[in-house]
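The next block holds one structure in the form of structure tokens; read it before the comments.
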Amino acid sequence: HLNVVVIGHVDSGKSTTTGHLIYQCGGIDKRTIEKFEKEAAELGKGSFKYAWVLDKLKAERERGITIDIALWKFETPRYYVTVIDAPGHRDFIKNMIM
């Protein structure tokens, strides 16, 4: 079992990188990514397609920041992986710690 927690400064690309990793490892299908890309483009945020794998709240998608932690589980041929994406904005650090 591999556990990964992604933390860092606000707007450093944590959710985007994590969502892309999940996609590249087969944790989410191409059709879903294409759906996120279309929805993000409609809000003028086309580059957020991978971030939306983890950023599910309406406020997160509108503001383009992670507000609460997000957990994603998937399997690779070798590992069972749990990824936690944490907020980086100082107003929401408490959500990471709780």
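I'm checking my understanding of the structure. Among residues of region 52-83 that are among the aromatic types (Phe, Trp, Tyr) and closer than 19 Å to Gly13 by Cβ, which one is surrounded by the most Cβ atoms within 10 Å (Cβ to Cβ)? So that I can check it myself, show each step before the final result.
Step one: filter region 52-83 for residues among the aromatic types (Phe, Trp, Tyr), giving 52, 72, 74, 79-80.
This time we only want the ones that are closer than 19 Å to Gly13 by Cβ, so: 52, 72.
On the way: Trp52: 22, Trp72: 18.
Filtering region 52-83 for residues that are among the aromatic types (Phe, Trp, Tyr) and closer than 19 Å to Gly13 by Cβ, the one surrounded by the most Cβ atoms within 10 Å (Cβ to Cβ) comes out as Trp52.
Is it fair to say Pro87 is part of a loop (DSSP other than H, G, I, E, B) and within 12 Å of the chain's Cα centre (by Cα)? Can you show your working first?
Details: part of a loop (DSSP other than H, G, I, E, B): yes; within 12 Å of the chain's Cα centre (by Cα): yes.
Yes; evaluated as a whole, the condition is true for this residue.
Within region 37-44, can one find any residue that is modelled with pLDDT of 95 or more, surrounded by fewer than 17 Cβ atoms within 10 Å (Cβ to Cβ) and closer than 19 Å to Arg78 by Cα?
no
Would you be able to say whether some residue in region 71-79 is closer than 17 Å to Leu2 by Cβ, touching a helix residue (DSSP H, G or I) at 6+ places or on another chain (Cβ under 9 Å) and not acidic (Asp, Glu)? Step through it out loud before you land on a result.
First, pick out the residues of region 71-79 that are closer than 17 Å to Leu2 by Cβ: 71-79.
Those left that are additionally touching a helix residue (DSSP H, G or I) at 6+ places or on another chain (Cβ under 9 Å): 72, 74.
Narrowing further to those that are not acidic (Asp, Glu): 72, 74.
Yes: one or more hits.
Being under 30 Å from Ile97 (Cβ atoms) and not in a loop (DSSP other than H, G, I, E, B): is that true of Lys35 here?
On the way: under 30 Å from Ile97 (Cβ atoms): no; not in a loop (DSSP other than H, G, I, E, B): yes.
Answer is no for this residue.
The values are calculated or read from the model by the stated rules, or taken from the named source; none is laboratory data. What you see is a predicted model; the values in this text were computed from it and never measured. When we count neighbours, we look across all protein chains shown, and the Cβ atoms used for this are built from the backbone with ideal geometry, even at glycine.
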